[in-house]
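The values are calculated or read from the model by the stated rules, or taken from the named source; none is laboratory data. Owing to the predicted nature of the structure, the values given are computational and were not obtained by experimental measurement. Backbone-built Cβ (ideal geometry, glycine too); neighbour counts: all protein chains shown. The area values use the complete protein model at the heavy-atom level, side chains included, leaving out ligands, DNA and RNA. Shrake-Rupley method; radii C 1.70, N 1.55, O 1.52, S 1.80 Å.
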Amino acid sequence: MSTLQFNSEYILENDRVKLSPLKAEDFNILSTFAINESTLWQYSLQPADGLKNMKTYIDNALKDKADKKSYPFLVFDKQTSKYAGSTRFYDYNEKFKTLQLGYTWYGKAFHGTGLNKNCKYLMLSFAFEELNIERVEFRADNNNKKSIAAMKSIGCTVEGVLRQNCATPNGSRRDSIVLSILKEEWFKGVKDSLLSRL
């Protein structure tokens, strides 16, 4: 078992998807989503619609990585041989063996294709089996029903709603739903259930 090494080049992959460390030059890859699919970030606390916002999004992700706050990935779909989006680990706590999984978005062409389940399987396997994490947490805007349904479908348990716990880009307050998967749950059924649906 190891701790999360922010300077390491982690590659997580299976037959369907490859997750590689996000880099500054990936702006050139992801900019097409920023230009053509601005609604992908409707519920995001850090939208990446438009080239300026995408550059800020990537810059902030890489700064957080340098500050050992998050580990962002670029997602490549092997089925279509196209880049699909991004996701990351964040709020890693080595002492308490917890982390959050989020900032996940994919182009619309990849929605409902099984890509997300493959990504989550790889990330959860890495978290529980390589990093010895005890709890993986997920959060979303409580109005984002699609995202909540996706999290429930991979085996997350709803814990509750944090009322007005953060500000949105437009200045309003957001209620955030909190979900999680525990290590014992992963090994006692969540892993096998998710694997059977890949």
Enumeration of residues in segment 99-134 that are crowded, with 17+ Cβ neighbours inside 10 Å and more than 15 Å from the chain's Cα centre (by Cα): Phe128, Leu131, Ile133
Candidate set: segment 32-56, residues that are part of a helix (DSSP H, G or I) and of a type in the set (D, E, K, R); chosen: the one farthest from Thr3 (Cα to Cα): Lys52
Top-ranked residue in segment 1-31 [being without any contact (Cβ under 8 Å) to a residue 24 or more places away in the chain and assigned to a helix (DSSP H, G or I); ranked as surrounded by the most Cβ atoms within 10 Å (Cβ to Cβ)]: Ser31
Subset of segment 32-56 that is open to solvent by 70 Å² or more (accessible area, probe 1.4 Å) and within 15 Å of the chain's Cα centre (by Cα) - its residue that is nearest to Trp105 (Cα to Cα): Tyr43
Residue among Asp77, Asp26, Asp67 that is over 19 Å from Ala109 (Cβ atoms), out of contact with any Ser or Thr (no Cβ under 7 Å at 6 or more places or on another chain) and among the acidic types (Asp, Glu): Asp67
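Could you count how many residues in segment 57-89 are part of a strand (DSSP E or B) and either open to solvent by 40 Å² or more (accessible area, probe 1.4 Å) or not acidic (Asp, Glu) (or both)?
Looking only at that region, the number is 15.
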Residue within segment 167-178 that is farther than 25 Å from Ala34 by Cα, surrounded by 14 or more Cβ atoms within 10 Å (Cβ to Cβ) and among the hydrophobic types (A, V, I, L, M, F, W, C) present: yes
Gly102, sole failed condition from (1) under 20 Å from Glu137 (Cα atoms); (2) part of a loop (DSSP other than H, G, I, E, B): (2)
